[in-house]
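Derivation of every value follows stated rules applied to the coordinates shown; laboratory data play no part. From a predicted model like this one, the values you see are computed outputs, not experimental measurements. All Cβ positions, even for glycine, are placed from backbone atoms using ideal geometry, and neighbour counts span all protein chains on display.
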Amino acid sequence: MNKGNCAKIIVRDLKLDMRIGVHEREKKRNQSIIVNIEIELQPVTAGQTDDIRDTLDYETVINDVRSIAQTGHVHLVEHFAEKVAAVCLRHKKAAATTVRVEKPAAFKDVTVGVEIRRTRI
């Protein structure tokens, strides 16, 4: 990856309702999660060309993540984050991604979650 030039697609505070968690109470009802994604792009050309084909469409990323959330129960936030990262890196322009998944209602006084970073090999 070229460290000199960098562009990122950012999806911030995507709110989803899904079945996620290891406890019985979490398996019986949906709960809210918040997903934040950064996708580093290579090559960086869209700023010069002004052409959507030279970048990654935000809507595509959002729809991909929504589809993952609808596939059924997931036990671990880490597993969901890995699935999101994998789908982000399938896009040919994506060189790396950082995915944060949070469960704001898991506890009354704190938000918990996980953040991972994955790069294309």
What are the trypsin sites (Lys or Arg not before Pro) within segment 52-121 that DSSP puts in a loop, where the Cβ has at most 10 other Cβ atoms within 10 Å? 90, 92, 108
If you plug each phi of segment 64-75 into the Karplus form 6.51 cos²θ - 1.76 cosθ + 1.60 with θ = phi - 60°, what whole-Hz ³J(HN,Hα) values come out, in order, with x for Gly and Pro? 4, 5, 4, 5, 4, 5, 8, 7, x, 4, 10, 6
Distant-in-sequence amide H partners of residue 7 (H built 1.01 Å from N, under 5 Å): 41
Low-density loop cleavage sites - chymotrypsin sites (Phe, Trp or Tyr not before Pro) in segment 21-121, where at most 13 other Cβ are within 10 Å (DSSP): 107
Whole-percent tail of the Cα-Cα distance distribution for the chain, cut at 20 Å, equals 43
With R₀ set to 25 angstrom, the calculated FRET efficiency between the beta-carbons of residue 116 and residue 12, to the nearest 0.05, is 0.90
Step through the residues of segment 113-121 one at a time and calculate ³J(HN,Hα) from phi using the Karplus curve (6.51 cos²θ - 1.76 cosθ + 1.60, θ = phi - 60°), rounding each to whole Hz and writing x for Gly and Pro. x, 9, 10, 10, 10, 10, 10, 6, 8
Given charges of +1 on the Cβ of Lys and Arg and -1 on the Cβ of Asp and Glu, with all other atoms neutral, how large is the dipole of segment 7-119 about its Cα centre, in debye to the nearest 20? 440
Quick one: what are the phi-derived ³J(HN,Hα) couplings along segment 80-86, Karplus 6.51/-1.76/1.60 with θ = phi - 60°, whole Hz, x for glycine and proline? 4, 4, 5, 5, 5, 4, 4
